[in-house]
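Read the structure below first, then the notes.
The values are calculated or read from the model by the stated rules, or taken from the named source; none is laboratory data. Source: prediction; values computed, not measured. Here Cβ is always computed from backbone atoms with ideal geometry, including for glycine, and neighbour counts include all displayed protein chains. Areas reflect the complete protein model, heavy atoms only, side chains present, ligands, DNA and RNA absent. Shrake-Rupley method; radii C 1.70, N 1.55, O 1.52, S 1.80 Å.
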Protein chains: 2
Amino acid sequence: MTDIVFRDAALADLVASVSLLADDALGRQRENLTLPLDPAYVAAFEAIAADANQRLIVAVDGDTIAGTLQLSFIPGISRRGAWRGQIEAVRIAASRRGTGLGRQMIEWAVAQCAARGCSLVQLTTDKTRPDAQRFYASLGFVASHEGLKRQI
Amino acid sequence: MTDIVFRDAALADLVASVSLLADDALGRQRENLTLPLDPAYVAAFEAIAADANQRLIVAVDGDTIAGTLQLSFIPGISRRGAWRGQIEAVRIAASRRGTGLGRQMIEWAVAQCAARGCSLVQLTTDKTRPDAQRFYASLGFVASHEGLKRQI
């Protein structure tokens, strides 16, 4: 585990990141791995790279992308003007699941949020992923809220 | 209802917006209405105003602030590079609750997300607010996710 590096994704990492998103029962239905990648992925990468409050992160082990997540830093007036860190699109490579990498990656992300002055970290997890709920509970996340989505 | 205007909050609206956040069983414990406002509120207002992907919105009826919410537009690679709209810190003035203003305000916010190219709108609502859950369900939001928070 000590060799893992967490860093901002480069454009060259994008296929690997999308592949991780797709390697999952829910993601498989949502993503499109046809190469060259759908330009919408590149546009999203560029929008993230251009925004100081967005970071697409990869966990790198040697020359392998072993995990990914997105971090958003969100200012807000509520809770006395608290910044929130938000984590989305968390995936660990199938071959690395159960190794502690996910825990290491989330703790790294929480530390990044703390370094940016956030007093709260939030995320939502699909109710059909009970393992994920246990994982986040073990990391101190409290399921205090309903996570609502509306397609438009 | 036809006279309500939704617009970005000005600094002059900040006390009214914070007052709305505080006028609520949960908000009362979280906010600080001592005047002059805690500078953290002003800093948060300025961070929102400086970020093209953040909007603090007020619902204005004549010279009264009748509601508030925050909109965040979040780029991401998941779901084929979809932008998400996120709604936070929704409050309707106590005197206006039950008038349909909340519904009008959320539909306005969803339309703003659509205009920005978002394909999904998301929010979390505290599990201790069953009325809010029914309200959002009636607006087409699906409680598909757990909303997790960790204080740091």
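The table for this structure:
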{"item": "Computed accessible area, A:ARG116, all protein chains, 1.4 angstrom probe, square angstrom", "result": "90"}
{"item": "Chain pair B, A: total accessible area buried, heavy atoms, 1.4 Å probe, Å²", "result": "5800"}
{"item": "FRET E, pair A:ALA40, B:VAL142, Förster distance 25 Å, beta-carbon r, rounded to 0.05", "result": "0.60"}
{"item": "Other-copy label distances relative to A:ALA16, 7 angstrom Cα-Cβ extension, nm", "result": "5.2"}
{"item": "Partner chain coverage, peptide A:79-87 - average Cβ within 10 angstrom", "result": "6"}
{"item": "Among B:GLY102, B:GLY67, B:GLY27, residue whose mean-square fluctuation peaks in a GNM of chain B (springs only between Cα atoms under 10 Å)", "result": "B:GLY27"}
{"item": "Pseudo-label separations to other copies for A:ALA115 - Cα-to-Cβ vector, 7 Å, nm", "result": "3.8"}
{"item": "Segment A:1-69, relative contact order [Cα under 8 Å, separation at least 6], %", "result": "43"}
{"item": "All-pairs Cα distance distribution in the protein assembly as shown, expressed in whole percent, bin size 10 Å", "result": "6, 27, 36, 21, 9, 1, 0"}
{"item": "Probe 1.4 Å, all protein chains present, accessible-area order of B:THR128, A:THR68, largest first", "result": "B:THR128, A:THR68"}
{"item": "Segment A:ALA52-A:SER19, extension gain: residue separation times 0.36 nm, minus the distance between their alpha carbons", "result": "9.4 nm"}
{"item": "Whole-number percent relative contact order across chain A, with pairs defined as alpha carbons under 8 Å at least 6 apart", "result": "19"}
{"item": "Listed residues A:THR124, A:ALA109, A:ASN32: farthest to the positive end of the dipole of chain A (Cβ charges)", "result": "A:THR124"}
{"item": "In Å², nearest 10: area of B:LEU35 left accessible to a 1.4 Å probe", "result": "120"}
{"item": "Cβ nearest the rotation axis (A onto B), residue from chain A and distance to the nearest whole Å", "result": "A:GLY147, 2"}
{"item": "Of all DSSP beta bridges in chain A, antiparallel share, percent nearest 5", "result": "85"}
{"item": "Nearest-first distances (nm) between copies at A:THR64, label 7 Å from Cα via Cβ", "result": "6.3"}
{"item": "Kirkwood Rh and Cα Rg combined as Rg over Rh, evaluated for segment B:5-152", "result": "0.94"}
{"item": "DSSP beta bridge pairing in segment B:70-146, given as percent antiparallel to the nearest 5", "result": "55"}
{"item": "Rounded to 5, the percent of DSSP beta bridges in the protein assembly as shown classed as antiparallel", "result": "90"}
